[in-house]
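Here's the structure, in structure tokens; my notes come after.
The values are calculated or read from the model by the stated rules, or taken from the named source; none is laboratory data. Computed from a predicted structure; not experimentally measured. Here Cβ is always computed from backbone atoms with ideal geometry, including for glycine, and neighbour counts include all displayed protein chains. SASA here: full protein model, heavy atoms, side chains in, ligands and nucleic acids out. Shrake-Rupley method; radii C 1.70, N 1.55, O 1.52, S 1.80 Å.
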Protein chains: 2
Amino acid sequence: MGNKKLNTLLKNPPNWIDGKGRFAETILSSRVRFARNLKQFNFPNRTKEDELDEIMNFIISHINYKCITSLSEFSPLDKKFLVERRIISREFSKKTKGRGVGIWEGENIGLMLNENDHIRIHSICSGLNLELAYEKLNKLDDEFSESLPYAFSSKLGYLTACPTNTGTGLRASVLVHLPGLVHSEQIKKILEMLHKDGFLIKGFYSDGTMVEGNLFQISNQVTLGITEEEIIDKLHKMILQVIGYENNARELLLSNTRAQLEDKIWRAYSILKNARLLSNEEFINLSSAVRFGIELGILKKVSLQNLNKLLIFTQPAHLQESIGGMIDSTERNVKRALYVRKNL
Amino acid sequence: MGNKKLNTLLKNPPNWIDGKGRFAETILSSRVRFARNLKQFNFPNRTKEDELDEIMNFIISHINYKCITSLSEFSPLDKKFLVERRIISREFSKKTKGRGVGIWEGENIGLMLNENDHIRIHSICSGLNLELAYEKLNKLDDEFSESLPYAFSSKLGYLTACPTNTGTGLRASVLVHLPGLVHSEQIKKILEMLHKDGFLIKGFYSDGTMVEGNLFQISNQVTLGITEEEIIDKLHKMILQVIGYENNARELLLSNTRAQLEDKIWRAYSILKNARLLSNEEFINLSSAVRFGIELGILKKVSLQNLNKLLIFTQPAHLQESIGGMIDSTERNVKRALYVRKNL
């Protein structure tokens, strides 16, 4: 482990993946983030390194939250680890100086300083719980706003580096598992419906063409001309609708192709329990079948919580941090298979 | 079960697949058969139904071996079962009247009356043991020849319906498992070598293009101008040579691609232990990987004997006979998976 501050994270899975939230069988997590800027400074992409440090120091000295770590304290592997942990963005992980990271409440709350905006704060909760994520974040934002002069226009709302965030500066997203809609080939229809209704949906593990593990992230597209509460409420209702479609698809699949489905699920489980080489991609896809098996009550010996933990800890940087250094992909595949065999 | 005479066969695997013979880890079985004809009758393909019955009656009344069953006593499914059991040929199974079947010594010895020739007798032993198979068969043949006037020419030897059998009328064949040569892509070279040296080699489970389960049958091509003992000896030596090549290939594979090999073997084992649907073809291929795992000492909890038994009892007609009637291929795939889960 490059930075010792990550030791706790390496030992414990994040709170938001405990598999205990509402609809946890379909919804892995709910996330809300705010983009905020300080009025007296340029946006991070329009400023120099010195000013980035100045911004950092200003923020840290004005808020009560300690334990903000400079990004430069983390090794490249550490940063990949933080991306896998959903604490920092991939783009942010490529930076070094003048950036800060905060992690609180068992990873329910996270902070990036000088990403696209001066301040990005997010809150993640287990299952479908956008209200709680929003509530936690709002509380933190209120505290911050008491001591930090936010860039705010009475006409536009919060000003942000990218205009797509201007207004509320709020992005709410939900990580959903939709094997029923994928297997019954209804997913395209649902994607189109969501898009038409102003939501963004994309594969959570995706190279742009293939979606791995039937995991999708659904988020709001509009941040302007709508209240924060309306965004949360609209997304929440849409997710309930998607859950309804997913459940219908599952029931149909179960009654029409139960044998094939059970076969697929048992094979996936048995491969995870026995393989000696497992790529990250294959793990994600097989774990989707196992998740489906848990959700359908077919696989009773695996807990959702355990499977969620594996999804986090089998990622490339997690595997490498756990053994204390970089290894190539073949060796990772050996380690991943070993980890899964031991822990599933 | 159509014919009650098959009940014993449905309960017990044949002796020749007990996994206990020499080189049983590579050689499943050794088989020798004789083609014989009676001089006073036409060959079966040149005669009428009445004469077929006459030939049958003549043979049965002249030999001491009872328990010869008329083929017409078996249902179409029974006959498929007997083909899977290697007691009768596929061609023979399509016939009905004027044909007889004999099964003795726990299936070590078998007889077909009025197949291509008036008499076809075969002997099968476990592992590499052509000598024993030949010895048993020779003894039976001697007995037969005392009471049956064989069609024999002092110039040509035994006369047969098809000239490729004339002379000794002997076909010796060995069922070999060659995953090492297949995986290391040396099999083509070996096939060419065998062919050049006057041996026939073909996939044991094959549709003509693909060989399933890395199982090959190697047999002598020449029956004329060579003694019986020479045929047996030549084939035996060639098989020892093939075993040598196979073992070299295995050692190379193990030292170069151990992780991939172990992965393949464990996955195959786990799928067999957990699948809910298994086609015959997939079973044959996965069982090859498991067999390889047993042979390499990677899979220690499965016995060769048990795996051999599964190879026999998961065949389509075996599955159907065991539940007492015809079922379609999807239902067979369910039953096969269930049988394998329970018995592996």
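Show me the strands (runs of 3 or more DSSP E) found entirely inside the range A:1-104 where at least 2 residues are over 24 Å from A:N220 (Cβ atoms), open to solvent by less than 20 Å² (accessible area, probe 1.4 Å) and not acidic (D, E).
Counting at least 2 such residues, we get A:100-104.
From A:E246, A:E295, A:E262, which residue is modelled with pLDDT of 95 or more and either hydroxyl-bearing (S, T, Y) or more than 24 Å from A:R171 (Cα to Cα) (or both)? From the options A:E246, A:E295, A:E262, the qualifying one is A:E262. Taking B:T257 as meeting all but one of (1) within 11 Å of another protein chain (Cβ to nearest Cβ); (2) at pLDDT 95 or above, write down the number of the exception. Of (1) within 11 Å of another protein chain (Cβ to nearest Cβ); (2) at pLDDT 95 or above, only one is false for B:T257: (2). Can you name the residue in the range B:150-178 that is under 23 Å from B:K234 (Cα atoms) and polar (S, T, N, Q) and is also modelled with the highest pLDDT among such residues? Within the range B:150-178, the match that is modelled with the highest pLDDT is B:S173.
Here's the yes/no breakdown for (1) hydrophobic (A, V, I, L, M, F, W, C); (2) touching a strand residue (DSSP E or B) at 6+ places or on another chain (Cβ under 8 Å); (3) within 30 Å of A:L319 (Cβ to Cβ):
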{"site": "A:E54", "(1), (2), (3)": "no, no, no"}
{"site": "A:S61", "(1), (2), (3)": "no, no, no"}
{"site": "A:I68", "(1), (2), (3)": "yes, yes, yes"}
{"site": "A:D78", "(1), (2), (3)": "no, no, yes"}
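In the range A:180-194, is there at least one residue being away from chain B (no Cβ under 14 Å), touching a strand residue (DSSP E or B) at 6+ places or on another chain (Cβ under 8 Å) and among the small types (G, A, S)? No: the range A:180-194 contains no residue that is away from chain B (no Cβ under 14 Å), touching a strand residue (DSSP E or B) at 6+ places or on another chain (Cβ under 8 Å) and among the small types (G, A, S). Of all the listed residues (A:S219, A:S206), the sole one being more than 14 Å from chain B (Cβ to nearest Cβ), in contact (Cβ under 8 Å) with a residue 24 or more places away in the chain and either among the hydroxyl-bearing types (S, T, Y) or over 21 Å from A:V174 (Cβ atoms) (or both) is A:S219.
Within the range B:207-237, restricting attention to residues that are outside any helix (DSSP H, G or I) and among the charged types (D, E, K, R), the residue that is least open to solvent (accessible area, probe 1.4 Å) is B:E212.
Scanning the range A:299-320 for residues that are over 18 Å from the mean Cα position of the chain (by Cα), of a type in the set (A, V, I, L, M, F, W, C) and farther than 14 Å from A:R341 by Cβ yields a single hit, A:L299. The C-beta contact set for the range B:72-100 (first residue outside the structural domain of B:P14 (by TED's automatic domain parsing), second residue open to solvent by 10 Å² or more (accessible area, probe 1.4 Å) and of a type outside the set (A, V, I, L, M, F, W, C), distance under 7 angstrom, 6+ apart or interchain) is empty.
From the list B:N256, B:N247, which one is of a type outside the set (K, R) and over 25 Å from the mean Cα position of the chain (by Cα)?
None of the other options fit; the residue is B:N256.
Residue count for the range B:274-298, restricted to those that are free of Cβ contacts under 8 Å to residues at least 12 places away in the same chain and farther than 16 Å from B:A337 by Cα: 1. The residues in the range B:239-268 that are surrounded by 19 or more Cβ atoms within 10 Å (Cβ to Cβ), under 20 Å from B:A24 (Cβ atoms) and not β-branched (V, I, T) can be counted, and the count is 4.
Of all residues in the range A:84-101, which are of a type outside the set (K, R) and under 15 Å from A:W16 (Cα atoms)?
Hits for the range A:84-101 are A:E84, A:I87.
Is it the case that some residue within the range B:156-167 is more than 30 Å from B:G293 (Cβ to Cβ), in contact with a Leu (Cβ under 7 Å, 6 or more places away or on another chain), free of Cβ contacts under 8 Å to residues at least 60 places away in the same chain and assigned by TED's automatic domain parsing to the domain that holds B:C67? Within the range B:156-167 (the criterion being more than 30 Å from B:G293 (Cβ to Cβ), in contact with a Leu (Cβ under 7 Å, 6 or more places away or on another chain), free of Cβ contacts under 8 Å to residues at least 60 places away in the same chain and assigned by TED's automatic domain parsing to the domain that holds B:C67), the answer is yes, since at least one residue qualifies. Screening B:L252 on (1) part of a helix (DSSP H, G or I); (2) within 11 Å of another protein chain (Cβ to nearest Cβ); (3) of a type in the set (A, V, I, L, M) shows it passes everything except condition (2). Going by what's in this entry, would A:E262 be described as within 14 Å of chain B (Cβ to nearest Cβ) and more than 20 Å from the chain's Cα centre (by Cα)? Answer is yes for this residue.
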